[in-house]
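S.K.: Pasting a structure here, questions to come.
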Amino acid sequence: MLKNKFQFAGVGVSPCTVLSPMAGVTDAPFRRLCRILSGNRMGLLVSEFVSTDGTSPFVLKNRKQLHFYPEERPFGIQIFGRDPERMAYAAQVLESLRPDYIEVNAGCPVPKVAGKGGGAGLLKDLPRLAKILSEVKKAIAIPMTLKCRVGWDENSINVMETLKIAEAEGADMLTVHGRTRVQGYNGFADWNLIGEVAAAARIPVVGNGDVSSVQSALEKLEKYAISGVSIGRGALHNPWLFGEIADALEGKPARDVSAQEACGIFKIYYELMAEGCESSPFGMLGRLKQLAARLCKGFEPDSSEFRQRVLTSQSLEELFENADRFAEFAQSNGIRFNPSRLVNLNGRKENSVSFDRQFKG
């Protein structure tokens with residue numbers, strides 16, 4: 001039977017799934033959306049990452065990022081930066097918000113983060129990473145975790161060294177994204193390497209990268225010594241994915257999401273944003289389009305015309321009207337919601353030339 005739960009430092013994770021933090025995506029409304037659609041069956045939730053450089057973590061501009069609801073537990077706050085003292089201070093301040101753990105980011109590939117020595121930039125300076133982990137660990141009483149990539153580039157794969165540092169400095173869990181910083185989100189995650197790290201680790205290791213379907217999650221949980229899987233962009237393509245994985249791990253039959261149900265997600269997401277007063281109408285429209293850009297690729301046959309109409313909607317009312325019209329059209333024309341047809345998270349299909357080139361390359 002496949003693993004379905006694990007623990008780190010007394011924090012229970014069941015099922016063994018994690019929603020990866022994504023800047024500008026995984027705020028409280030999106031996290032709650034995924035949890036609702038999963039039937040409250042998600043293992044861990046994490047905040048959008050919080051900068052510790054230049055801005056105090058408790059100023060008002062960060063409050064929206066840091067807000068979470070009781071039903072989101074166990075919940076972690078992820079921080080990034082390059083200065084050990086500032087990271088430790090931020091962790092100490094953020095602990096007062098009562099998250100279940102603090103996570104240090106050593107994986108963000110974005111130039112404005114990694115290029116300044118934070119995020120994945122720490123993989124070029126492992127002594128600094130060790131100092132950050134040491135200082136953060138001393139500053140807080142709750143568990144500390146680390147998220148990293150396998151290295152800066154293919155010539156500096158150092159994830160095994162990162163694991164040793166994490167264990168030596170008291171990290172309670174390690175999440176490994178199977179790409180280098182230079183790869184960004186191109187190519188494919190190296191799950192064999194993630195598996196090697198998990199097999200060598202004395203702490204729980206969660207694997208991250210290209211988990212886009214129930215099948216891919218189950219295959220990785222079965223093949224590798226990981227404790228769980230972390231899902232990022234796959235949740236934008238299919239916000240029901242956590243529930244589908246939970247069903248499979250519980251031995252329940254698969255349930256198809258209808259095209260009509262998929263179209264209805266926009267109003268649910270909007271209501272969650274409005275409930276928390278998270279954004280202006282314009283901002284909420286942007287978030288709905290962000291979700292639609294990925295989600296609409298899952299309709300089969302291809303429904304690019306509907307996707308375009310949603311993405312060019314000028315108001316919330318227009319977007320909802322377009323979604324309602326397509327739901328009716330889908331029902332009468334046999335259109336399915338089948339996000340698993342996208343075999344990688346860049347949206348390419350298996351029989352496409354670009355996929356073949358990536359696969360062979």
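S.K.: Please compute the modelled spin-label separation between Leu2 and Ser96, points set 7 Å along Cα→Cβ, answer in nm with one decimal.
M.R.: With each label placed 7 Å out from Cα toward Cβ, I get 4.3 nm.
S.K.: Express in nm, to one decimal, how much length is gained between Asp256 and Met22 on full extension, taking 0.36 nm for each residue of separation and deducting their alpha carbon distance.
M.R.: 81.6 nm is the gain from fully extending Asp256 to Met22.
S.K.: What is the dipole size for segment 259-340, taken about its Cα centre, with +1 at each Lys and Arg Cβ and -1 at each Asp and Glu Cβ, in debye to the nearest 20?
M.R.: So the magnitude is around 300 debye.
S.K.: Roughly how tilted is helix 159-168, in degrees to the nearest 10 and between 0 and 90, from the longest Cα axis of the chain?
M.R.: Here the helix axis deviates by roughly 60 degrees.
S.K.: In addition: Quick one: if the Förster radius is 30 Å, what FRET efficiency do Lys164 and Lys116 give, using the C-beta to C-beta distance and rounding to 0.05?
M.R.: 0.75
S.K.: Additional query: For mean projected area of the Cα convex hull in nm², several values are listed as [x] 17.4; [y] 22.5; [z] 18.9; flag the one computed from this structure.
M.R.: Identified label for the calculated read-out: [x].
S.K.: Got the relative contact order for the chain handy, in percent, Cα pairs under 8 Å and 6 or more residues apart?
M.R.: 14 percent.
S.K.: Here's something else I'd like to know. Return a whole-number percent for the relative contact order of segment 259-340, with Cα pairs under 8 Å and 6 or more residues apart as the contact set.
M.R.: Result for segment 259-340 is 43 percent.
S.K.: How much FRET efficiency would the formula 1/(1 + (r/R0)^6) give for Glu85 and Asp302, where r is the Cβ-Cβ distance and R0 is 56 Å, rounded to 0.05?
M.R.: Rounded to the nearest 0.05, the efficiency is 0.60.
S.K.: Any chance you could run the full-extension gain for Tyr69 through Arg202? It's 0.36 nm times the residue separation minus the Cα-Cα distance, nm to one decimal.
M.R.: Going from the current span to full extension adds 44.7 nm.
S.K.: With +1 on the Cβ of every Lys and Arg and -1 on the Cβ of every Asp and Glu, and nothing else charged, how large is the dipole of the chain about its Cα centre, in debye rounded to the nearest 20?
M.R.: So the magnitude is around 520 debye.
S.K.: Taking square-rooted eigenvalues a ≥ b ≥ c of the alpha carbon gyration tensor, is segment 147-264 rounded, prolate or oblate, where a/c under 1.5 means rounded and, failing that, a/b exceeding b/c means prolate?
M.R.: Verdict is prolate for segment 147-264.
S.K.: Under 11 Å from the 7 Å Cα→Cβ point of Lys138, by amide nitrogen: which residues of segment 100-125?
M.R.: Taking a point 7 Å out along Cα→Cβ of Lys138, no residue of segment 100-125 has its backbone N under 11 Å.
S.K.: Answer rounded, prolate or oblate for segment 242-319, using the Cα gyration tensor with square roots of eigenvalues a ≥ b ≥ c: rounded when a/c is under 1.5, else prolate when a/b is larger than b/c, else oblate.
M.R.: It is oblate, given that a/c is not under 1.5 and a/b is not larger than b/c.
S.K.: Computed FRET efficiency, Cβ-Cβ of Ile268 and Ala9, R0 35 Å: what is it to the nearest 0.05?
M.R.: About 0.55, to the nearest 0.05.
FYI, it's all coordinate maths here, none of it is from the lab. What you see is a predicted model, and the numbers here were worked out from it, not measured in a lab. Virtual Cβ from ideal backbone geometry, glycine too; neighbours counted across all protein chains shown.
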